[in-house]
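Single-structure report; data block below.
The values are calculated or read from the model by the stated rules, or taken from the named source; none is laboratory data. Note that the structure is a prediction, hence the values are computed from the model and not measured. Heads up, the Cβs are rebuilt from the backbone with ideal geometry, glycines too, and the neighbour counts pull from every protein chain shown.
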C-alpha cells in the first residue's frame, strides 16, 4: 500500500538530489483579498487536487500561472511562495501572463481548439492563427521560467496536460540534460480527428520532446501512436510502444490516475460531514426521498443535459417517483468567457426549469441545481447521502469524481451510474454502466440502481472500493517516478 511516507522514501531514492519540477496551467493555491485581507484557497480542479499531496510528500517546485489578485503580492522577488500556506511542504512559482496572452493561449487554443478536438463531444474546435501564436508564446514563457529555475542543471520536469504540448521540446533544445515526462489528462483523438488541427505536426513533434508521455488508458496511447505514424516521419516500435524521432526516443505508456483513498474515506466519516448531511436533508426536505447526485465542473463533455433528459424520462415512465425523488446537480460554472460554455449553462438551466414545471409542485422540486462551488464539506456530504451518483461524461480522460464517490462510501451503500466513455469505466466495472446518449436505457438504469437490493449495492461498492484502494494517487505517482527515473539524458536534433 503506497502512502505519503513510502512515496517520499521512493522519491528520495530515485531522484538522488535531482530537483523535481511540476508544471501546470492551474495553480494549487490561490491568494485573494477579502476587504483588504489576504486569504488563500484551493481551486476546484481534479488535476491540482491530485498532484498537491504528491508534491507535499516528495517536495519540489510547482510552476503555474498566477491568477489570484494577491498572488504576486505574497510571493518573493522570484515569484515564489511556500505552500500549503498553513503547513509549507514545497515551493509554488507563479508565472505572470498578460490578459491578451492568457486569452489566446487558454480561452483560444487550449479551450476553443484542443479541448473540443480531443473530446469529440459534438462541439466543433476553433483554430485561429492568433491563438496559436499566443499558445506558442506562453509555452515559451513557461519554458523560460523552468530554465531559470534549473539554472543549467539536470532536473526531472513533470508536465501536465494539453496546455503545454510544445513545452518539452523547448526545454530539451535548451537543456538536453532535463528528463521530461508529460501526462495528457484528457482523451487523445484518432488520427482522422487530429488531422482537423492545422498544427498537428508541430503539436506531435512538441510532445515527442518528452522522454515519457503518459495517458489514462492504453487506448488513448494507441491513438497517439497511430497519429504519429500518420502525420510524421518517425519510427514506431508498437511492441514496446516507443517512438523514435530526431535521435530521441519517447516512451508512450498508460498510468490510470487514482485518488487519495484513505484520506477521502476518513474525511467522509467526520462529524461535520454528518452534520452537513442532516442540514441538507432538513433544509431541502430530503429525509424521505431517493437522492440522486451529479457533481461536475460545467462543461459540455460531462453529459449533464443527457442525464437530465434521463431524469425527465424516468419520471415520465415511473410516476411512483413523483414526490419521492430529488436530483441534485452540483458544480461550479467555468470558462464562461467561452461561448460554448455559456450556451451549455443556459441550456442546462432551461431544461431544469422545464422538468420542474412539468413534474414539480408546491412541496416538491425534482431537480435542484447548485451553480456555485459547493465547497469541500458539501461535496463530501452529497456523496455520502446519494442513493445514486451519476457520472455520465460523453468523453473523458479519467473522471476522478467517480473514484471519489466510491472512496467516500465507507457505509458500503449507494449506486454508481457510470458512462462507458470515461477512463474510470475501465476499472470500475461493478458500476451500473450506461450509454448517456440512450435516454430510455439511461432512465431504466437509474430505476435499476435505485431498486437494487442492499446486498447487490453492497457487493458492487465493496468490489469498486477494493480497486480504488489498490490504485491510489500515491501508487500512480510511484509508478510515474519509477518510470521517469529509468531514462537517461536524450538530446534531440533540430530538423
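Could you list all residues from segment 257-289 that are over 23 Å from residue 324 (Cβ atoms) and touching a strand residue (DSSP E or B) at 6+ places or on another chain (Cβ under 9 Å)? So that I can check it myself, show each step before the final result.
Quick first cut of segment 257-289, residues over 23 Å from residue 324 (Cβ atoms) only: 257-275.
Hit for segment 257-289 is 257, nothing else.
Tally time: how many residues in segment 13-38 are without any contact (Cβ under 8 Å) to a residue 12 or more places away in the chain and at negative phi? Walk me through how you get there before you give the answer.
Just the residues of segment 13-38 that are without any contact (Cβ under 8 Å) to a residue 12 or more places away in the chain, to begin with: 13, 16-17, 34-37.
This time we only want the ones that are at negative phi, so: 13, 34, 37.
So the count comes out to 3.
Could you give me the residue pairs with C-beta distances under 7 Å whose first residue belongs to segment 172-192 and is not assigned by TED's automatic domain parsing to the domain that holds residue 143, whose second residue is modelled with pLDDT under 95 wherever it lies, and which are 6+ apart or on separate chains?
Here the result reads none, with nothing in segment 172-192 linked to a residue that is modelled with pLDDT under 95.
Can you say whether residue 405 is surrounded by 20 or more Cβ atoms within 10 Å (Cβ to Cβ) and not in a loop (DSSP other than H, G, I, E, B), as far as the supplied structure shows?
On the way: surrounded by 20 or more Cβ atoms within 10 Å (Cβ to Cβ): yes; not in a loop (DSSP other than H, G, I, E, B): yes.
For residue 405, the condition - surrounded by 20 or more Cβ atoms within 10 Å (Cβ to Cβ) and not in a loop (DSSP other than H, G, I, E, B) - is met.
For segment 118-199, please list each of the helices (runs of 4 or more DSSP H) lying entirely inside it that holds at least 3 residues being surrounded by 23 or more Cβ atoms within 10 Å (Cβ to Cβ) and touching a helix residue (DSSP H, G or I) at 6+ places or on another chain (Cβ under 9 Å).
Working: elements: 129-150, 167-174, 191-194.
In segment 118-199, the matching helices (runs of 4 or more DSSP H) lie at 129-150, 167-174.
Name the strands (runs of 3 or more DSSP E) wholly within segment 229-346 that hold at least 1 residues that are surrounded by 14 or more Cβ atoms within 10 Å (Cβ to Cβ), modelled with pLDDT of 95 or more and in the same structural domain as residue 360 (by TED's automatic domain parsing)?
On the way: elements: 235-237, 242-245, 248-254, 290-295, 325-330.
Of the strands (runs of 3 or more DSSP E) lying wholly inside segment 229-346, those with at least 1 residues that are surrounded by 14 or more Cβ atoms within 10 Å (Cβ to Cβ), modelled with pLDDT of 95 or more and in the same structural domain as residue 360 (by TED's automatic domain parsing) span 290-295, 325-330.
Mind checking whether some residue in segment 218-226 is under 26 Å from the mean Cα position of the chain (by Cα) and in contact (Cβ under 8 Å) with a residue 60 or more places away in the chain? If you could, list the steps in order and put the result at the bottom.
Taking segment 218-226 and keeping what is under 26 Å from the mean Cα position of the chain (by Cα), we get 218-226.
Restricting the remaining residues to those that are in contact (Cβ under 8 Å) with a residue 60 or more places away in the chain gives 220.
Yes, segment 218-226 contains a residue that is under 26 Å from the mean Cα position of the chain (by Cα) and in contact (Cβ under 8 Å) with a residue 60 or more places away in the chain.
Output the residues belonging to segment 29-60 that are touching a helix residue (DSSP H, G or I) at 6+ places or on another chain (Cβ under 6 Å) and crowded, with 20+ Cβ neighbours inside 10 Å.
31, 50, 54, 57, 58
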